[in-house]
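Reading through the structure tokens given below for one structure.
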Amino acid sequence: MRAPGESRPVCGGEIPGSGGEPVFFLYDHDPSALPVLLAVPHAGRAYPPAVLDLMRNPGASGLRLEDRHADQIAQLAAQETGAPLLLAHAPRAMIDLNRGPADLDREMIRGDGRVSGRRELPPGWRTRSGLGLVPRRLPGFGDLWKGPLEQDDVTARIERIHDPYHRALGRTLAAMRDRWGTALLLDIHSMPPLPATLSGAPTPVCVLGDRFGASCDGQLAMMAYDFLAGEGLAVAHNRPYAGGYVLERHGSPVQGIHAIQIEFCRTLYLDSRLAEPSDGLPILGGILSRLVARLATEVAALGRGRQWGLAAE
């Protein structure tokens, strides 16, 4: 694989109302150079004009919702290691790629709140808090939208953004697994600063999520934890972020696909306003590069063992 900037990425999907802006960019060559895929679902900043018109305060809410510049951290790691990279271009305000299609707040849709052809589930706590499939409100900020959204608008966001992104992610991981025997997804996010711990222990600046062991082999998760701690980062495991829909849908250790969500505190790589990159961004990119290289060796070893096991059966 050639790094971002050295080759044209594969573009997929089309953001509704954008005039042709792609939903995602996939930097990957067949065969893949490493059995580790980097993905960044929340750093997209391609806001169609019509969406901006519907938002109460797009600048402030976009800044709060986005994993601002987390894509640059992943790009640095991809350039250094050759790992495949999937970057969402669509903004989280339009649709959250880390939520399931059924995790929709019906109160924000005009009419009966239904989206045709979609399974309905009782709203989960994220949806009730305003951070469902289409974010509705932010704590301390209030409603994101001036009013309810049209049913057709929400349907288009699901069909033209959410569905293509997850199809691309699933295909890429399956191809990597077929080549290496095992594949690992590192789903990269950023988080606001966590509150200080009551125990007086260092406040985590990195949280690893594996859905409490459901989405990743425990050995890989612990290796990532130990590595990041060895780099001087205060790390937490599954609390307060255990991973969302991306890990639920794509992480399947029994099928040879492992997935870890990584949350980096924004103070590590952004300025005091948590808006623009600081000198810490290339440092964090270097840490992620070394983590990818370390995990890739272990994933490849797991893959060789799995291929042997399948052959023996």
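Brief remarks follow.
- Elements of type helices (runs of 4 or more DSSP H) in region 1-104, at least 2 residues being closer than 18 Å to Gly285 by Cβ and touching a Leu at 6+ places or on another chain (Cβ under 6 Å): 70-81
- Some residue of region 185-195 being surrounded by 17 or more Cβ atoms within 10 Å (Cβ to Cβ) and closer than 18 Å to Ala300 by Cα: yes
- Test for Arg266: is it closer than 18 Å to Cys216 by Cβ, surrounded by 14 or more Cβ atoms within 10 Å (Cβ to Cβ) and among the charged types (D, E, K, R): no
- Any hit, region 287-294, residues being more than 11 Å from Ile73 (Cβ to Cβ) and of a type in the set (S, T, N, Q): no
- Some residue of region 284-304 being out of contact with any Pro (no Cβ under 8 Å at 6 or more places or on another chain), at pLDDT below 95 and not hydrophobic (A, V, I, L, M, F, W, C): yes
- Scan of region 43-63 for residues that are of a type in the set (Gly, Ala, Ser) and loosely packed, with under 15 Cβ neighbours inside 10 Å, ordered by number: Ala50, Gly59, Ala60
- Taking the numbered list (1) loosely packed, with under 13 Cβ neighbours inside 10 Å; (2) on the phi > 0 side of the Ramachandran plot; (3) not basic (Lys, Arg) in turn, Gly243 passes all entries but (1).
- Residue in region 267-274 that is in contact with a helix residue (DSSP H, G or I) (Cβ under 7 Å, 6 or more places away or on another chain) and of a type in the set (Phe, Trp, Tyr) present: yes
- Residue check for Ala234: touching a residue at least 24 places away in the same chain (Cβ under 8 Å) and either aromatic (Phe, Trp, Tyr) or under 16 Å from Ala183 (Cα atoms) (or both): no
Each row is one residue, and each column tells you yes or no for (1) closer than 16 Å to His42 by Cβ; (2) touching a residue at least 12 places away in the same chain (Cβ under 8 Å); (3) surrounded by fewer than 21 Cβ atoms within 10 Å (Cβ to Cβ); (4) not aliphatic (A, V, I, L, M).
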site: Gly251; (1), (2), (3), (4): no, yes, no, yes
site: His258; (1), (2), (3), (4): no, yes, no, yes
site: Ile262; (1), (2), (3), (4): yes, yes, no, no
site: Arg273; (1), (2), (3), (4): no, no, yes, yes
site: Glu276; (1), (2), (3), (4): no, yes, yes, yes
site: Asp279; (1), (2), (3), (4): no, no, yes, yes
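- Condition met for Thr197 (hydroxyl-bearing (Ser, Thr, Tyr) and modelled with pLDDT of 95 or more): no
- Scan of region 206-227 for residues that are among the charged types (D, E, K, R), buried (at least 17 other Cβ atoms within 10 Å of the Cβ) and out of contact with any His (no Cβ under 9 Å at 6 or more places or on another chain), ordered by number: Arg211
- The lone exception for Gly13 - which of (1) surrounded by 20 or more Cβ atoms within 10 Å (Cβ to Cβ); (2) closer than 25 Å to Met108 by Cα; (3) modelled with pLDDT of 95 or more; (4) of a type in the set (Gly, Ala, Ser) it fails: (3)
Conditions tested, residue by residue: (1) touching a Leu at 6+ places or on another chain (Cβ under 9 Å); (2) of a type in the set (S, T, N, Q).
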residue: Pro240; (1), (2): yes, no
residue: Gln255; (1), (2): no, yes
residue: His258; (1), (2): yes, no
residue: Phe264; (1), (2): yes, no
residue: Asp271; (1), (2): no, no
residue: Glu298; (1), (2): yes, no
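- Tally of residues being out of contact with any Asp or Glu (no Cβ under 7 Å at 6 or more places or on another chain), among the charged types (D, E, K, R) and modelled with pLDDT of 95 or more across region 22-57: 1
The values are calculated or read from the model by the stated rules, or taken from the named source; none is laboratory data. Everything numeric in this text was worked out from a predicted model, so none of it was measured. Backbone-built Cβ (ideal geometry, glycine too); neighbour counts: all protein chains shown.
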